[in-house]
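Down below is the structure, laid out as structure tokens.
The values are calculated or read from the model by the stated rules, or taken from the named source; none is laboratory data. Please read all numbers here as calculations on a predicted model, not as lab measurements. Quick reminder, even Gly has a Cβ in these numbers, built from the backbone with ideal geometry, and neighbours come from all protein chains shown. Surface areas here come from the heavy atoms of the whole protein model, side chains and all, with no ligands, DNA or RNA. Shrake-Rupley method; radii C 1.70, N 1.55, O 1.52, S 1.80 Å.
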Amino acid sequence: MLLLPSPATSIEFEDSTLSIDVGESEINKIVTIPKYAIVDDLTFTSSNTEVATILQDSEDKTKVTITAVASGEVTITATLGELTDTCTVTCIQADIPITYAQFTNQSPIYINEGESVTRTVTITPENYTTGEVLFRSSDSTLARVEKVSNTEVTITGVYSQLGPQPTVSCGHLVNNVFVPWDTITVNIINPDA
């Protein structure tokens, strides 16, 4: 017995809800009643293409690829003539950790006792969403650090001495141990000497 395509009496997404990580894609499909209905005019729309984009399969018109481009929630609507169905898509921004930080100005610091200077760091990747840059002085009796933000630190010369000069590092914690990414030398000068 030969089955001829006939008009659809119902359309429905296989998955009525989806969660997709930003940058990832999922395929959803429309199920029709009858199973072999005519779907040439089936279309898909996204309620917000800045959150999720869609691409209908050119060979199987019942399939749509949904790509999450930003965090948020969108509604994907399938339309076939007078028939519609929707799929709610939650787009989730996965955590992007800081992988490296480096002082923007690599040259040694020269400051007088009691003076302060601010240095900035560049964080990789720029679009990080999680993580913290920490700042440490090798000797806080000589050079004191005060974190302003993840990308900025104020360094104050406390006391000058002959011999090894203190360093300031930016880094992170690994198993509760400070691990430096980058270090600069602080030369503290006694203006009265």
Subject >> Selection count, the range 123-140, where residues are open to solvent by 40 Å² or more (accessible area, probe 1.4 Å) and either in contact with a strand residue (DSSP E or B) (Cβ under 7 Å, 6 or more places away or on another chain) or closer than 25 Å to Asp21 by Cβ (or both) >> reply: 10
Original post:
Can Ala101 be described as open to solvent by less than 50 Å² (accessible area, probe 1.4 Å) and assigned to a loop (DSSP other than H, G, I, E, B)?
Top reply: no
**OP:** Determine whether the range 104-125 contains at least one residue that is in contact with a Phe, Trp or Tyr (Cβ under 9 Å, 6 or more places away or on another chain), under 30 Å from Lys147 (Cβ atoms) and outside any strand (DSSP E or B).
**Re:** yes
**OP:** For residues that are modelled with pLDDT of 95 or more and not in a loop (DSSP other than H, G, I, E, B), tally how many sit in the range 32-76.
**Re:** 20
**OP:** Mind listing whichever residues of the range 31-51 are among the charged types (D, E, K, R) and either surrounded by 15 or more Cβ atoms within 10 Å (Cβ to Cβ) or within 16 Å of Pro7 (Cβ to Cβ) (or both)?
**Re:** Lys35, Asp40, Asp41
**OP:** Kindly indicate whether Glu73 is open to solvent by 40 Å² or more (accessible area, probe 1.4 Å) and more than 29 Å from the chain's Cα centre (by Cα).
**Re:** no
Original post:
With respect to Lys29, is the statement that it is basic (Lys, Arg) and modelled with pLDDT of 95 or more true?
Top reply: yes
**OP:** Among the residues of the range 19-31, count how many are part of a strand (DSSP E or B) and within 18 Å of the chain's Cα centre (by Cα).
**Re:** 4
**OP:** Kindly indicate the residue of the range 141-163 that is modelled with pLDDT of 90 or more and in a loop (DSSP other than H, G, I, E, B) and also surrounded by the most Cβ atoms within 10 Å (Cβ to Cβ) among those meeting that condition.
**Re:** Asn150
Original post:
Is there a residue in the range 92-103 that is touching a Phe, Trp or Tyr at 6+ places or on another chain (Cβ under 9 Å) and of a type in the set (S, T, N, Q)?
Top reply: yes
